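Visitor: To start, I am sharing the structure in question, which I have written as structure tokens.
The values are calculated or read from the model by the stated rules, or taken from the named source; none is laboratory data. Not measured: the values here are computed from a predicted model. Reconstructed Cβ throughout: ideal geometry from the backbone, glycine too, with neighbour counts over all protein chains shown. Surface areas here come from the heavy atoms of the whole protein model, side chains and all, with no ligands, DNA or RNA. Shrake-Rupley method; radii C 1.70, N 1.55, O 1.52, S 1.80 Å.
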Amino acid sequence: DMDHISLVFTTSSNQGLNTASTEGDVVIEKIEFLESIPATPRNDFDFNDTTDSEGFLGGNGVTLSQPNAGEIDLAITDASPYPKFEQSGEYSVDADTYQGVEVTLINNSPKNTLTFVSPSGGNEFVSKSMNANDPNPQTISLDLTNASNWSGEQKSWWLQLIDNPGDGAQASA
């Protein structure tokens with residue numbers, strides 16, 4: 001229920017607070033209101049910039065840090081039975097084109113299963129075992145072709161780290 005839009009053009013002096021405008025023209029051809037902010041398409045996340053988590057957030061007791069280029073560290077609290085590494089919606093994946101995910105990781109936790117969760121239209125899970133408490137890199141490949149809700153542009157999905165699937169929640173550090 002909006003009756004007007006205000007655009008204020010400022011000069012760069014005084015941290016943008018100077019409202020004295022300069023001469024010139026601005027031509028606006030279209031203003032569109034969207035349901036959500038569009039995500040940038042992306043299919044590769046390499047964490048090469050230590051100041052950029054590439055749209056990922058830690059959830060359910062996970063804290064992220066990036067001490068080295070080319071990696072992102074997930075610290076999991078003891079109280080977290082289903083820690084997750086979540087794409088915030090900043091980037092999207094064309095799920096019709098990309099029907100699998102490959103994750104290279106070092107697992108210094110007792111978690112022994114990596115699960116991809118696609119929440120679109122109801123959570124669907126694709127899981128694979130991984131080596132627990134292993135200081136060596138391992139690559140986990142997950143096939144998403146049978147996930148019925150993995151289609152179109154997907155902006156929200158996550159990786160969940162769990163113990164003993166089917167045994168219920170197991171808290172780990």
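Visitor: Expressed as a whole percent, how much of the Cα-Cα distance distribution for the range 23-69 exceeds 11 Å? Before the final figure, lay out each step's value.
Guide: Numbers: 865 of 1081 pairs.
Tail of P(r) above 11 Å: 80 percent of Cα pairs.
Visitor: If you don't mind, another one. Ignoring ligands, DNA and RNA, how do Glu32, Glu90, Glu71 rank by accessible area with a 1.4 Å probe, largest first?
Guide: Working: Glu32 115, Glu90 90, Glu71 65 Å².
Per-residue accessible area, sorted high to low, gives Glu32, Glu90, Glu71.
Visitor: Moving to a separate point now. In square angstrom, rounded to the nearest 10, how much accessible surface does Phe33 have for a 1.4 Å probe?
Guide: Spelled out: Phe33, probe radius 1.4 Å, area about 150 Å².
Visitor: Using a Förster radius of 30 Å, what is the FRET efficiency between Tyr98 and Ile28 based on their Cβ-Cβ separation? Nearest 0.05, please. Can you show the working numbers first?
Guide: On the way: r = 36 Å, r/R0 = 1.19.
So the FRET efficiency works out to roughly 0.25.
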